[in-house]
Amino acid sequence: MKDELAILYVQTSNERERQYSPLVLAQAAKAMDLNPTVYYLGMGLFTLLPGEAEKIKLGSFPTVREMLDKTMAMGIPILVCEASKQMLGWDTVELIDGVKIVGAATLNDLALDAGATMWF
């Protein structure tokens, strides 16, 4: 069922400069009483390895780890593609606490149901 208030932010990159946008936008969407979800797949998963997000700090922004923690504290789901974990050979990898591993079909369902989808 379509949720016009849902916005899906998809992070596919592990480039430092691209890590902030989906988190900033998801937090802003939540403050606007929208229903944001952040979904990581492909190379984006590298940012979710323990210790990696703490290394990313650009300009006057907090670290990406602080941004992830704030995003999750606001009740915004951070989802991770199981197929991407398998693609990277990460059958037993640990990711940061609070993220949820989901199947690849979940992304299709979220995209079909969202009022908007943005890719990074």
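Okay, here's what the table says:
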{"item": "Normalised convex hull volume, the chain, alpha-carbon set, Å³ per residue", "result": "92"}
{"item": "Extension gain (nm, one decimal) between A31 and E66, 0.36 nm per residue minus Cα-Cα", "result": "10.9 nm"}
{"item": "DSSP loop GluC sites (Glu not before Pro) with at most 13 other Cβ within 10 Å excluded, longest remaining stretch of the chain", "result": "16-93"}
{"item": "Under 20 Å between alpha carbons - lysine pairs in the range 3-119 that sit 8 or more apart or on different chains", "result": "6"}
{"item": "Residues in the range 76-91 that a label on I101 would reach, taking backbone N under 15 Å of a point 7 Å out along Cα→Cβ", "result": "79-91"}
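Each value in this text was obtained by applying a stated rule to the coordinates, not by laboratory testing. Since the model is a prediction, treat every value here as computed from it, not as a measurement. Heads up, the Cβs are rebuilt from the backbone with ideal geometry, glycines too, and the neighbour counts pull from every protein chain shown.
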